[in-house]
Every structure is written in structure tokens, then in C-alpha cells.
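**Q** Got a structure for you, written out below as C-alpha cells; questions coming shortly.
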Amino acid sequence: MVKLTMIARVTDGLPLVEGLDDGRDMPDVDYYKKQAKALFTNLSRGQNEASRMSIETGPYVFHYIIEGRVCYLTMCDRAYPKKLAFQYLEDLKNEFERVNGSQIETAARPYAFIKFDTFIQKTKKLYQDTRTQRNIAKLNDELYEVHQIMTRNVQEVLGVGEKLDQVSQLSSRLTSESRIYAEKARDLNRQALIRKWAPVAVVLGVVILLFWVRKKIW
């Protein structure tokens with residue numbers, strides 16, 4: 001069965017649509033939604049750029065397609081036919097482009113096209129039962145093949161983003177520590193100069209004071 005459906009803009013990972021009733025029968029739905037959003041974030045960084053991919057996660061599989069800078073993603077049971085999942089996404093893509101294509105780049109807030117959920121729900125019902133005559137015909141359709149679509153593991157995919165985050169954090173920490181080190185080095189140099197020249201300054205001060213006192217007396 002189709003469990004989740006989400007659509008996001010690839011350039012910045014902005015979520016555009018989410019199936020409103022998705023995951024009601026899943027106690028851990030929030031966990032998988034976070035994974036989906038993490039995948040969108042990775043895609044916005046230019047990672048995992050295959051236009052079609054399946055990503056295994058626990059008992060489910062994410063399937064996505066990227067077209068026109070938009071990612072159409074669904075999560076299904078592992079037993080759900082891959083071909084139907086991608087044909088479901090193709091149907092969503094075609095309608096979303098037709099209805100909202102001219103507004104995708106200018107969308108400024110999350111879930112700007114939430115009204116599209118009506119079409120998602122209607123289409124999802126058509127694909128839920130794999131045994132209907134319609135879906136059996138789609139499974140037998142040789143014009144749409146998915147054998148070449150890569151399947152990866154979610155930890156492998158998200159791990160790339162996590163490593164980049166770690167490198168970024170390490171770089172920021174090193175920059176901050178370098179700045180602190182430079183400030184401490186300047187302080188030590190100032191203290192060394194003070195220790196070096198303070199006695200000389202004191203002696204000169206005493207000499208000048210004595211000279212001034214002597215001049216006043218005489």
C-alpha cells in the first residue's frame with residue numbers, strides 16, 4: 001500500500017504538498033516523514049541526483065522521481081510493486097505540472113499547494129489494490145519498465161548528508177578555535193611586551209621624576 005506521499009522543490013527542499021491523511025495507520029509516521037524531509041534536504045545539496053530512485057527504510061521503500069526541479073516521493077510497503085509506485089508518481093507529476101507548473105518557482109511558503117491533496121487522495125485510491133484489473137494491466141505494461149531504477153538503503157543515502165554536516169561542523173569549529181587561538185596569541189604577545197618594557201618604563205619614569213624634582217628644588 002501507499003503510505004506517504006510528499007512533493008518538494010529540489011532547489012531548496014521546500015515541501016510543496018503532503019498527503020493529509022497519510023500514515024494514520026502508522027504509529028511511527030513522524031519518523032518516516034522526518035526521513036523524507038532529510039532526503040529532500042540531501043537533494044537540495046545536489047546529492048543522489050538520479051532522477052528516479054528507490055530507497056529502502058525498515059519495512060518500507062521510498063520511491064521518488066525528479067522532474068522540472070520538483071521531487072515527487074511516495075513510501076510504500078516493501079511488497080508493493082515498484083512499477084505501480086512509479087506509475088503513481090508519474091500520474092501525480094503530470095497533474096501537478098499541469099495545474100501548478102507556472103507557480104512552482106515562486107512558491108515562498110511550505111505546503112503552498114496543499115489543495116493538490118485532493119488529487120493525491122483520489123489517485124492513491126486507484127493504486128491501493130494491486131489486484132484490480134486496472135493495476136494488473138499497468139503491471140503488464142511493457143512500455144514502462146523500472147528494472148534500471150537503482151535501489152539503495154536509507155542509511156547509505158542519508159549518511160552522505162550526515163558526513164557533510166559533520167565536515168561543516170568540524171570546519172566551523174576549527175575556524176572558531178583558530179580565532180580564539182589568534183586572540184590568545186595576541187594577548188600573550190602584549191603581555192610579553194609589557195614584561196619586557198615595563199622595567200625600562202619604570203626606570204625612565206623615576207629618572208624623569210628625579211630630574212623634575214631636582215629642577216624644582218634648584
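The values are calculated or read from the model by the stated rules, or taken from the named source; none is laboratory data. From a predicted model like this one, the values you see are computed outputs, not experimental measurements. Cβ: placed from backbone, ideal geometry, glycine included. Neighbour counts: every protein chain shown. Heavy atoms of the whole protein, side chains included, go into the accessibility calculation; ligands, DNA and RNA do not. Shrake-Rupley method; radii C 1.70, N 1.55, O 1.52, S 1.80 Å.
**Q** By a straight-distance test (C-alpha under 28 Å), which lysines pair with Lys3 as possible cross-link partners, with residues fewer than eight away in the same chain excluded?
**A** List returned: Lys33, Lys34, Lys37, Lys82, Lys83, Lys93, Lys115, Lys122, Lys124, Lys125, Lys138.
**Q** Would you please state which residues of segment 57-72 a label at Asn94 would reach in this model, taking the label point 7 Å out along Cα→Cβ and a backbone N cut-off of under 15 Å?
**A** None, by backbone N distance to the label point.
**Q** Separate question: Roll a 1.4 angstrom probe over the protein heavy atoms and tell me the percent of accessible area of segment 2-165 that is carbon or sulfur.
**A** Answer for segment 2-165: carbon and sulfur cover 51 percent of the accessible area.
**Q** I would also like to ask the following. Can you compute the modelled spin-label distance between Thr11 and Asp141, with each label point 7 Å from Cα toward Cβ, in nm?
**A** Label-label distance for Thr11 and Asp141, simple model: 3.1 nm.
**Q** Three principal axis extents, largest first, for the C-alpha atoms of segment 2-165, in Å?
**A** Largest to smallest, the principal-axis extents are 46, 34, 34 Å.
**Q** Ignoring ligands, DNA and RNA, how do Leu39, Leu193 rank by accessible area with a 1.4 Å probe, largest first? Kindly include the intermediate steps, with their values, before the conclusion.
**A** Details: Leu39 5, Leu193 100 Å².
Ranked list, largest accessible area first: Leu193, Leu39.
**Q** As a test of the definition: which semi-axes, in Å, follow for segment 78-146 when you take the square root of five times each eigenvalue of its alpha carbon gyration tensor? Largest first, please.
**A** 27, 13, 10
**Q** Using the per-residue mean of other Cβ atoms lying within 10 Å as a proxy for protection, in what order, highest first, do the peptides 30-38, 81-89 fall?
**A** 81-89, 30-38
**Q** Given a 1.4 Å probe, how much area per residue of segment 2-165 is accessible, in Å²?
**A** 50 Å²
**Q** Cβ under 13 Å from Leu188's Cβ, Leu188 left aside: what net charge do those residues give with Lys, Arg +1 and Asp, Glu -1?
**A** With Lys, Arg at +1 and Asp, Glu at -1, the neighbours total +3.
**Q** A further question on this structure: Amide H neighbours of Lys3 under 5 Å, counting only residues 5+ apart in sequence or on other chains, H built in-plane at 1.01 Å?
**A** Hits under the 5 Å cutoff: Met75, Cys76, Asp77.
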